[in-house]
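Here the structure is laid out as structure tokens; the discussion comes afterwards.
The values are calculated or read from the model by the stated rules, or taken from the named source; none is laboratory data. Everything numeric here is computed off the predicted structure, so don't read it as measured data. Virtual Cβ from ideal backbone geometry, glycine too; neighbours counted across all protein chains shown.
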Amino acid sequence: MEGSEMGVRINGSESLATSLRTRDAVLPGVMTLLLVAVFSYLSPGLSLIVTFVPAIILAYVCYLLTSFQQMPEPSRVLPVYLIAFGVQFLHFAEEFTTEFYTRWPVEVFNAAPFELTTFVQINMVSYAAFALGAVAIYRGIRGPMLIVWFFTLMVVIGNGILHPIYPILATGEFGYFPGLYTSTIYLILGPILCYRLWEVRTDSSSDVNRGVETNPKAESSQ
């Protein structure tokens, strides 16, 4: 009886683990599709379609390859994430005061400007989501790591790379464009944050290699 009860418990635990892993893969995938639709709907011209849409799709792929398989160590990721999150408030302040919401869609994409209220709402909702991403890192919750990857790829790395390019696209020459000054900080934080999120793949490969090395030894001892 005890053996059969133990077998039931093990099977139940395995079923629960499988359900949780399925949920952690499917729900972020559904969220990705929803965000693609939302970004496409809110996009003035191609502005969000060629920036946010590819970023959220790539974020989901990176999530599946890393955090879905193994969560990162909070002490490695969370401090850099929070610093980048803090910088984003400064970045928003620079964009707001220099009218990025008007100049970016108009001058770069030849589209209609963002409504100021829409621009602020998008940013505030995003920051609430990014705060949940910090909780996910700290608590080891897989699903919301999609948000963390989107923040890393679009907000940190994307802003760091794209803001110096925007004036060239807008005027044909390098110069100042709204948000440029604070975006340069991301050129430092972006690679660090991305590396620390991605390094779980290296850790997983090392564990597999150690397991392969250990098995022949165990077989030979038998």
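The table below lists the values:
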| quantity | calculated |
| --- | --- |
| Contacts under 9 angstrom Cβ, first residue in region 51-67 being farther than 12 Å from M154 by Cα, partner outside any helix (DSSP H, G or I) and not small (G, A, S), 6 or more apart | Y63/R142; T66/P72; S67/R142 |
| Count of residues meeting criterion [surrounded by 21 or more Cβ atoms within 10 Å (Cβ to Cβ) and under 13 Å from V148 (Cα atoms)] in region 67-111 | 5 |
| In region 43-56, the residues that are assigned to a helix (DSSP H, G or I) and surrounded by fewer than 16 Cβ atoms within 10 Å (Cβ to Cβ) | P54 |
| A59 vs. criteria hydrophobic (A, V, I, L, M, F, W, C), modelled with pLDDT under 95 and within 21 Å of I141 (Cβ to Cβ) | no |
| Selection within region 57-76 - under 12 Å from the mean Cα position of the chain (by Cα) and in a helix (DSSP H, G or I) | I57, L58, A59, Y60, V61, C62, Y63, L64 |
| Elements of type helices (runs of 4 or more DSSP H) contained in region 133-182, each with 1 or more residues being surrounded by fewer than 20 Cβ atoms within 10 Å (Cβ to Cβ) | 159-162, 166-171 |
| Matching residues, region 77-113, being outside any helix (DSSP H, G or I), among the polar types (S, T, N, Q) and more than 15 Å from P167 (Cβ to Cβ) | N110 |
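The rows are residues; the columns are (1) farther than 20 Å from L187 by Cα; (2) small (G, A, S).
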| site | (1), (2) |
| --- | --- |
| V108 | yes, no |
| Q121 | yes, no |
| A129 | yes, yes |
| M145 | yes, no |
| W149 | no, no |
| I157 | no, no |
| P167 | no, no |
| T171 | yes, no |
